[in-house]
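Laboratory data are not the source of any read-out in this text; all were calculated from the coordinates shown. Treat the numbers as computed from the prediction; the structure is a model and nothing was measured. Positions of Cβ are generated from backbone atoms using ideal geometry, with glycine treated the same way; all protein chains shown enter the neighbour counts.
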Amino acid sequence: MMDLSQYNQETIITFLQSYEGLTQDVVWLSDEWATMTATERHLQQAALMPCWEKRTMLGQLYQAKRLSPAQIEQLQNLDQQLLEHAIAVELVCQLPLAELVRYLLKIGTPLTQQPAPVRIETTMTALAELVNQPQWVAVGA
Amino acid sequence: MTTHPINSLILELVSTKRLATVTEIEAISSHVAQAPFASYLSHVPQRIRQALDKKSLTVPAKLPSVEWHVLERVYLDEQWSLGTTPVQYVADLRQAILHPQAEIWTYRYYHEPAIAFIAPSHLRNAPKPERFLFVSYNPNFASLTTGYQTHGAAFALGMGCQDLRQHR
């Protein structure tokens, strides 16, 4: 089990702000994507590495029950926003919907505890990929 | 344009996933430690502009990549102290690259070849430090593409990273 004791409330707030920046910037980047060169696209993707790391850390902190109720609610809202922008995430981060959901479930998301519906904007291509997962093919065969 | 032999070596290590020899590791570390940070003129990400707005700081829509990386490390992540210049930031990254205990990984990041150095952090004055310094170098660009403090390889080399191979 990793040591999370170094992360105080101030640091957790910084992590949440970074994740909020990620959820907003994938949308902004997807709008600008067509105007960017391949070099700039790669540099922008590289710059998102620490933001994704902080989302992974938030998952660890959530699972270790180190987040306050308000922080859990904020994380849940940001996860919801990220899913709502799944098309932008796929364009900018080359992460199909199935992989995005798998990532969130693996690292820990409060969305699994909420009874309300989850809104996801996606494409038919991503849905086709979802139903073509081996386990679904086996069920339908 | 001719590719530097060390960049060709890194490309070969990424494509074959072959383990580098000790001599190769020394040559790669020495080469990467002399490389510049990407200075490509690029859009300052919205998250950085908004965070700076709240501090009444304004920046142009585009800046060399290294400059907005420093702004993010100082003002958003608070992993480097106020007043850090791009020169000081890159010097810290170079110190991490040459650290004798630095882990060295090759991988593909969104299909682009890369090599990363993850060393115990020597930064003492950062408001929100982490245990390690992470530096990524792209042999096609012949430049460092990012550098920040990280909790460790398992966290830094996550999203977008494929074909991971640890060499040290």
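For the segment B:145-152, counting C-beta atoms of other chains within 10 Å of every residue's C-beta and taking the mean gives 5. Under a model in which nothing but the beta-carbon of Lys, Arg (+1) and Asp, Glu (-1) is charged, region A:9-140 shows a dipole of about 500 debye around its Cα centre. Placing R0 at 51 angstrom, the Cβ-Cβ distance between A:Ala38 and A:Ser68 gives a FRET efficiency of 0.75 after rounding to 0.05. Note on B:Lys55: lysines with a C-alpha under 24 Å away, same-chain residues under 8 apart excluded, are A:Lys54, B:Lys128. Taking the C-alpha atoms only, the angle from helix B:5-16 to the longest principal axis of chain B is near 80 degrees. Charges were assigned to the Cβ only: +1 to each Lys and Arg, -1 to each Asp and Glu. The resulting dipole of the protein assembly as shown about its Cα centre is roughly 460 debye.
Computed over region B:5-166, relative contact order equals 25 percent, with contacts defined as Cα pairs under 8 Å that lie 6+ residues apart.
With r defined as the distance between the Cβ atoms of B:Ser8 and B:Leu98 and R0 fixed at 25 Å, what FRET efficiency is calculated, to the nearest 0.05? In this case the efficiency is close to 0.70.
Look at where the Cα atoms of region A:52-116 and of region B:104-149 average out, and the two centres are 24 Å apart. For B:Tyr75 and A:Leu105, a Förster radius of 41 Å and the Cβ-Cβ distance give a FRET efficiency of 0.80, rounded to the nearest 0.05. Couplings 3J(HN,Hα) for region B:17-26, derived from phi with the Karplus relation 6.51 cos²θ - 1.76 cosθ + 1.60 (θ = phi - 60°), are 6, 5, 6, 6, 7, 4, 4, 5, 4, 5 Hz, where x marks Gly and Pro.
Helical content alone sets the calculated 222 nm signal of chain B at -9500 deg cm²/dmol, taking -39,500 (n - 2.57) per DSSP H segment of four or more residues and averaging over every residue.
Note that region B:115-123 has calculated 3J(HN,Hα) couplings of 9, 10, 10, 10, 10, x, 6, 9, 7 Hz, one per residue in order, obtained from phi through the Karplus relation 6.51 cos²θ - 1.76 cosθ + 1.60 (θ = phi - 60°); glycine and proline are x. Compute a Gaussian network model of chain A, connecting alpha carbons closer than 10 Å, and tell me which residue from A:Gly108, A:Gly21, A:Gly59 fluctuates the most. It is A:Gly21.
For B:Glu67, B:Glu12, the sequence from fewest to most other C-beta atoms within 10 Å is B:Glu12, B:Glu67. According to the square roots a ≥ b ≥ c of the eigenvalues of the Cα gyration tensor, what is the shape class of region B:80-168, taking rounded for a/c under 1.5, prolate for a/b larger than b/c otherwise, and oblate for the remainder? The shape class here is prolate. Peptide B:39-46 has a mean of 5 when you count, residue by residue, the C-beta atoms of other protein chains within 10 Å of its C-beta. 3J(HN,Hα) couplings calculated from phi for region B:61-77 with the Karplus curve 6.51 cos²θ - 1.76 cosθ + 1.60 (θ = phi - 60°) are, in sequence order, 4, 10, 9, x, 3, 4, 5, 6, 4, 4, 4, 5, 5, 7, 8, 9, 7 Hz; Gly and Pro show x. Rg over Rh for region B:5-166 works out to 0.97, using Cα positions for both radii and the Kirkwood form for Rh. What does the charge count near B:Tyr109 come to, summing +1 for each Lys or Arg and -1 for each Asp or Glu among other residues with Cβ under 14 Å from its Cβ? Summing Lys/Arg as +1 and Asp/Glu as -1 gives 0. Arranged from fewest to most other beta-carbon atoms within 10 Å of their beta carbon, B:Lys17, A:Lys65 become A:Lys65, B:Lys17.
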